[in-house]
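Asks: My questions will all concern the structure given below.
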Amino acid sequence: MRRLLLLLPFLLMSCTSSEPPVEAGIQSRSFGTLPDGRDVTIYKVTSPTGMVMEVTNYGGIITRLTAPDRDGKFDDIVLGYDNLEGYLEETPYFGAIIGRYGNRIARGQFTLDGETYTLAQNNGENHLHGGIQGFDKVLWNAEPFSMGNEYGIVFTYESPDGEEGYPGTLSARVTYLLTADNRVIFSYQATTDKATPVNLTQHSYFNLAGPSSDSILDHELMLAADHFTPIDAGLIPTGEIRAVTGTPFDFTTATPIGERINADDEQIAFGLGYDHNWVVSDMTSSMRLAARVHEPTSGRVMEVLTEEPGIQFYAGNFLDGTITGKGGNVYEYRSGFCLETQHFPDSPNQSTFPSTILRPGETYQTRTIYAFTTDAD
Ligand code: GLA
């Protein structure tokens, strides 16, 4: 009898699940070499539920992320390439860490403490996503770690004084943790020896239907944001913080992305669709829900929680079928979306926006969570 009792948990486990038990853990393998000969590693992180995140120390790029659909079937839900070569060419920032400054700085210039700094202009006359060789294109130092049965990677990178025009040596540390409840937690930290703007984010593109060339226009999006920051034709914020009420930017109740994306609206025209910063609820720095996306065919749900004041919702308007990604999948127009948590674009030139300036002695610290569930949960 006693023996039966001891066995009971195992018997119950094997009765309740037909899936083989998943072994959580972390494995690494080579992802090739950079043109300068340095080795690149890819890490495969498996959660106790069977989610898999593959991430490389080149750009901290998430190359693969699987999530279960409502029937428990796992699919890869991020866009990317099969091999390192794809990422070495000019990519639209698939899966990467973005820094020092996520999003745009007008004309690649800002004035700080009386001094004017000139940054790389890599997006027309503007500076975008940290410049020509931003944090998405550098080799990070990577340390795998575990916390019980949860696994992750700590990435560190020291950005030299003057890199891409930014002042000060910036020590950046970004942690990815894949949890036992199907969340990816991103923790960002940085310190500097001179005042400098910092605005780190993650640029994964999602298609929650799984590997697919289909557009994301049927995905239903909720943004916990009553306001957004309107832009000019160069996608630079005008400084206004505008209510979403009565505009195609009102996602306070879940709405298919495609429903108003081609609306006759000046802001839609400037963004070529949605490519804007929303102001997350009350701009506090507490962790709260910023976005929820539901994909109706698979039932997958993705929630974004963040401590950041803003979120860039980008609907893949620049994808145009010229990129062939993983498994030969062609990335057609609007076949992936990004939800980039951030401080507002061009903040170093906008005195009314929350400051992005980090000073010596301070620690930049912020967290964002991507949480995956389904509509059957
Ligand atoms: C961000 C920008 C977009 C675009 C993409 C990359 O999301 O807001 O305008 O540059 O990155 O293609």
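Asks: Find the centroid of the Cα atoms in region 91-161 and in region 237-315, then give the distance between the two in whole Å.
Replies: So the two Cα centres are separated by 23 Å.
Asks: Checking the cross-link filter: which lysines have an alpha carbon closer than 20 Å to that of Lys326, excluding same-chain neighbours under 8 positions apart?
Replies: Qualifying lysines at Cα under 20 Å: Lys44, Lys73, Lys137.
Asks: Just the C-alpha atoms of the chain: what Rg/Rh do they give, with Rh taken as the Kirkwood radius?
Replies: Working: Rg = 21.0 Å, Rh = 21.4 Å.
Result: Rg/Rh = 0.98.
Asks: Do any GluC sites (Glu not before Pro) in region 45-100 lie in a loop, going by DSSP, with at most 14 other beta-carbon atoms within 10 Å of their beta carbon, and if so which? Kindly include the intermediate steps, with their values, before the conclusion.
Replies: Working: sites: Glu54, Glu85, Glu89, Glu90; in loops: Glu89, Glu90.
Sites meeting the loop and neighbour criteria: Glu89, Glu90.
Asks: Among all the aspartates and glutamates, which ones have a C-alpha under 14 Å from Lys194's C-alpha, if same-chain residues fewer than 8 places away are not counted?
Replies: Excluding near neighbours in sequence, the set is Asp113, Glu115, Glu158, Asp161, Glu163, Glu362.
Asks: Also, quick follow-up: Report the gain in length on full extension from Ser281 to Val22: 0.36 nm times residue separation, minus Cα-Cα distance, nm rounded to one decimal.
Replies: On the way: separation 259, 0.36 × 259 = 93.24 nm, distance 3.80 nm.
Residue separation times 0.36 nm, minus the Cα-Cα distance, leaves 89.4 nm.
Asks: If ligands, DNA and RNA are left out, what is the accessible area of Ser285 with a 1.4 Å probe, given in Å² to the nearest 10?
Replies: Surface open to solvent at Ser285 totals about 90 Å².
Asks: On to the next question. Mind listing which GluC sites (Glu not before Pro) in region 178-273 are in a DSSP loop and have 14 or fewer other Cβ atoms within 10 Å?
Replies: Details: sites: Glu220, Glu240, Glu259, Glu266; in loops: Glu240.
Passing sites in region 178-273 are Glu240.
Asks: For region 25-374, what does the relative contact order come out to in percent, with C-alpha contacts under 8 Å and a separation of six or more?
Replies: Working: 940 pairs, mean separation 62.2, N = 350.
Worked out over region 25-374, it gives 18 percent.
Asks: Quick one: length gained pulling Ser146 to Glu158 fully straight, 0.36 nm per residue minus the C-alpha distance?
Replies: Values: separation 12, 0.36 × 12 = 4.32 nm, distance 2.36 nm.
Roughly 2.0 nm would be gained on extension.
Asks: Here's a follow-up. From the C-alpha coordinates alone, can you work out the Kirkwood hydrodynamic radius of region 242-281, in Å? Show your work: numbers first, answer last.
Replies: Details: mean 1/r = 0.0940 Å⁻¹.
Computed over Cα pairs of region 242-281, the Kirkwood hydrodynamic radius comes out at 10.6 Å.
Asks: At a Förster radius of 30 Å, what calculated FRET efficiency corresponds to the Cβ-Cβ distance of Gln133 and Thr322, to the nearest 0.05?
Replies: Details: r = 23 Å, r/R0 = 0.75.
With R0 = 30 Å, the Cβ-Cβ based efficiency is 0.85.
Asks: Here is a further query. Report the label-to-label distance for Asp265 and Leu289 in nanometres (one decimal), using points 7 Å from each Cα along the Cα→Cβ vector.
Replies: Result: 2.2 nm between the two label points.
Asks: Could you compute the FRET efficiency for Ala195 and Ala376, with r as their C-beta to C-beta distance and R0 at 35 Å, rounded to 0.05? It would help to have the intermediate numbers written out before the result.
Replies: Details: r = 50 Å, r/R0 = 1.42.
Rounded to the nearest 0.05, the efficiency is 0.10.
Asks: Taking the Cα atoms only, what angle lies between the long axis of helix 2-16 and the longest principal axis of the chain, rounded to 10 degrees?
Replies: 50 degrees
Asks: Quick check: at a probe of 1.4 Å, how many percent of the accessible area of the chain sits on carbon and sulfur atoms? Write down the numbers at each step before the final one.
Replies: On the way: 7870 of 15760 Å².
After summing per-atom areas, the C and S share lands at 50 percent.
Asks: With label points built 7 Å along Cα→Cβ from the Cα atoms of Ala254 and Thr33, find their separation and express it in nm.
Replies: Rounded to a tenth, the inter-label distance reads 5.0 nm.
Asks: Next question, about the same structure. Extending each Cα 7 Å along its Cβ direction at Glu90 and Glu125, get the distance between those two points in nm, one decimal.
Replies: Output for this residue pair reads 2.0 nm.
Asks: Let me ask you something else. Based on the Cβ-Cβ distance from Thr111 to Thr363, what FRET efficiency comes out when R0 is 25 Å, to the nearest 0.05?
Replies: 0.55
Asks: Hey, another quick one. In deg cm²/dmol and to the nearest 500, what is the mean residue ellipticity at 222 nm of the chain if only DSSP H runs of at least 4 residues count, each as -39500 (n - 2.57), divided by the residue total? Each step should come with its number before you reach the end.
Replies: Values: 3 runs with 26 residues, N = 377.
Only helices count here, giving -2000 deg cm²/dmol.
The values are calculated or read from the model by the stated rules, or taken from the named source; none is laboratory data. Every value quoted in this text rests on a predicted model; they were computed, and no experiment measured them. Please note: Cβ atoms are built from the backbone with ideal geometry, for glycine as well, and neighbour counts cover all protein chains shown. What goes into the accessible areas is simple: the full protein's heavy atoms, side chains included, and nothing from ligands, DNA or RNA. Shrake-Rupley method; radii C 1.70, N 1.55, O 1.52, S 1.80 Å.
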